[in-house]
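Below is one structure; the comments refer to it alone.
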Amino acid sequence: MKNEVIVTVDLTKTYGKGDLQVHALLKTNIHIYQGDYIAIMGPSGSGKSTLMNLLGCLDKPTSGKLYIDDADVSTLSENELAKIRREKIGFIFQKYNLIPTLTAQENVALSMGFAGVGSKERLSRASGLLNSVDLSHRLNHKPSELSGGEQQRVAIARALANNPSIILADEPTGNVDTKGGNKIMDILENINNKGETVIIVTHDPDIAQRTSRILKIHDGLVSELNA
């Protein structure tokens, strides 16, 4: 039996008060296991990003529970949440979120500094990670000198910098062409094949079909396709 890495119990997120309340997520109960490869699908405004932000400990629920590796993160302090984000979760954003003044290698190395890794090891590991996404020839290039697909591959390398067990990818192919998107999905599948849990938010059914589980969200309600 695989270990549960994420469990939600009646997870709910509400914005606003009174008549202006918006129920972004309604009593969501999901179980995500080590090595799962999951797509979260739904129309714009359905609650996909809200769910992703909660699973990534970037936001706190209005009510309900979220467990990561059996720890109830809904009770943790900001410092404790930051530690979980740093050690257990790797984030890949649609708009890359790279620092424009840093090279690809420096962007990947940066998050290791927050984890206390020494400078020499940071750069060495960053070089190895960029090589793993076929960017060894782009180590010293800044984001403006890279294509969209290359920037996203730098972002993937950065997400792997601290050896997280969970990868959260928000529309990782949204800003790249088809060829670049396929390359990114191949890399994510390779990461998953090594035993990492990979969760992708996408509106693209072709991308979702490449995963092993699809969670559909509509008006804050989550269901699983082919469950």
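Read-outs: derived from the displayed coordinates by stated rules, not from any lab. Since this is a predicted model, take the numbers as computed values, not measurements. Note that each Cβ is placed from the backbone with ideal geometry, even for glycine, and that neighbours are counted across all protein chains shown.
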Check: Taking a label point 7 Å from the Cα of THR101 along the Cα→Cβ vector, which residues of the stretch 130-159 have an amide N closer than 19 Å to it?
Finding: 140-146
Check: Under 14 Å from the Cα of LYS13, which aspartates and glutamates turn up, not counting those fewer than eight places away in the same chain?
Finding: ASP59, ASP219
Check: Cα convex hull of the stretch 64-138: mean projected area in nm², to one decimal?
Finding: 6.7
Notebook entry, point to check: The list [x] 36, 18, 15; [y] 25, 22, 18; [z] 29, 20, 17 gives values of semi-axes √(5λ) of the Cα gyration tensor in Å, and only one came from this structure; which label was calculated from it?
Noted result: [z]
Check: When a footprinting reagent is the concern and you count Cβ atoms within 10 Å, what order do ILE200, ILE167, ILE187 take, fewest first?
Finding: ILE187, ILE167, ILE200
Note to self: Within the chain, which is the longest segment that contains none of the trypsin sites (Lys or Arg not before Pro) sitting in a DSSP loop with at most 15 other Cβ atoms within 10 Å?
What the structure shows: 96-193
Next item on the list: Would you mind checking LYS120/LYS179; LYS183/LYS216; LYS27/LYS83; LYS60/LYS183 for any pair whose Cα atoms are more than 29 angstrom apart?
Entry: LYS120/LYS179; LYS60/LYS183
Check: Can you give the FRET efficiency for HIS31 and GLU80, using 1/(1 + (r/R0)^6), R0 = 22 Å, r = Cβ-Cβ distance, to the nearest 0.05?
Finding: 0.45
Checklist line | DSSP-defined antiparallel bridges as percent of all bridges, the stretch 4-225, nearest 5 | finding: 55
Item checked: Charge dipole magnitude, Cβ of K and R +1, D and E -1 - the stretch 1-91, Cα centre, debye nearest 20 -> 200
Next item on the list: Round to the nearest 0.05 the FRET efficiency obtained for ASP69 and LEU225 when R0 = 25 Å and r is the Cβ-Cβ distance.
Entry: 0.45
